[in-house]
Amino acid sequence: MTGYTLPVFAAAAAKAAIAHLFNLEAAPAEVQLDLLRGDGVVTLPVESVARLDENTALAVTLSEPGNNLDLTRDTPIWAWVHGRSQGNNEEKITLEGGEGIGRNSEGEAAIYRYARELMDANLVDLIPEGRSLTVRIVLPEGRRLATRPSNAAFGIVEGLSLLGTGGISVPNTAMDKLEEAKLALRQVLEKDLTLPVVFCLGANGQRVAADLGLDLDRVVLV
């Protein structure tokens, strides 16, 4: 079963909250989202939506990573949105990381390029002329879940990151991926048995290997 990355569910929650806030829909049970990168438009369920006051709304989605051994499965993702009059030279959307969103070594919210592009592409057209929004993403379980993976080794603390270069959750932990890893290992060993092999845990590990200047031709993704 195909699943999606955390940025997708964050954007879906934000879209539902905005639609409800500006009376585009009473309380949407689902939203459509353009995943960009040629991955098409998908329909995602919304767990709940509520207007908190005339300028603020909150929506919740649940993470569904598909056939992955992913600790974020069924994790609630909240999107708190607050509208205001748009100031001069102000962006239409200000994206913030709330509780459960990790921080990098500079103290900035761990919300990366794809998540920001996804929000801009799917949300900006919903905002009325002359208005702007603060969108704050909250992961209530993020701080607790962040103690289980090796996020701190990648410089992310106090929560999870909205990381990913696309919206589709690739099942790296499925059995077919194990066969792909075995094949990749054989190909690396066939090139030169005397050189070391670098095993990388997921995309984060691959990124760290590149940052360390390791030979990516010797990398096997596991």
At 1.4 Å probe size, with the rest of the protein present, what percent of the exposed accessible area of the chain is carbon and sulfur atoms?
52 percent
Accessible area of THR94 in the full protein assembly, 1.4 Å probe (Å², nearest 10):
50 Å²
Of the residues LEU183, LEU212, LEU69, which exhibits the maximal mean-square fluctuation in a Gaussian network model of the chain defined by a 10 Å Cα contact cut-off?
LEU212
Relative contact order, percent, the range 1-91 [alpha-carbon distance under 8 Å, six or more residues apart]:
31 percent
Cross-link candidates for LYS92: which lysines have Cα within less than 17 Å, leaving aside residues fewer than 8 places away along the same chain?
LYS15
How large is the helix-only mean residue ellipticity at 222 nm for the chain, computed as the sum of -39500 (n - 2.57) over DSSP H runs with n ≥ 4, divided by its residue count, in deg cm²/dmol to the nearest 500?
-8000 deg cm²/dmol
Could you work out which residue, out of LEU145, LEU52, LEU162, moves most in a Gaussian network model of the chain, that is, has the largest mean-square fluctuation with Cα springs under 10 Å?
LEU52
Relative to the longest principal axis of the chain, what angle (0 to 90°, nearest 10) does the C-alpha long axis of helix 6-21 take?
10 degrees
So ALA152 and ASP53, fully extended at 0.36 nm per residue minus their Cα-Cα distance, gain in nm 31.9 nm
Radius of gyration, Dmax [the chain; alpha carbons; angstrom]
19.3, 67
Please provide three numbers in whole Å: the alpha-carbon extents of the range 1-116 along the principal axes, with the largest listed first.
43, 39, 28
Choose one answer from ASP211, ASP120, ASP39: the residue with the largest mean-square fluctuation in a GNM of the chain with alpha-carbon springs under 10 Å.
ASP211
Cα extents of the range 168-222 along the principal axes, largest first, in whole Å, come to 34, 25, 12
Over the range 1-140, what is the percentage of antiparallel beta bridges among all DSSP beta bridges, to the nearest 5?
85 percent
Estimated Rh, the range 1-40: Kirkwood, alpha-carbon pairs, angstrom
11.1 Å
Reciprocal mean inverse distance between Cα atoms of the range 59-117 - Kirkwood radius, Å
14.1 Å
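The values are calculated or read from the model by the stated rules, or taken from the named source; none is laboratory data. Note that the structure is a prediction, hence the values are computed from the model and not measured. Note: accessible area is taken over every heavy atom of the protein model, side chains too, but ligands, DNA and RNA are not part of it. Shrake-Rupley method; radii C 1.70, N 1.55, O 1.52, S 1.80 Å.
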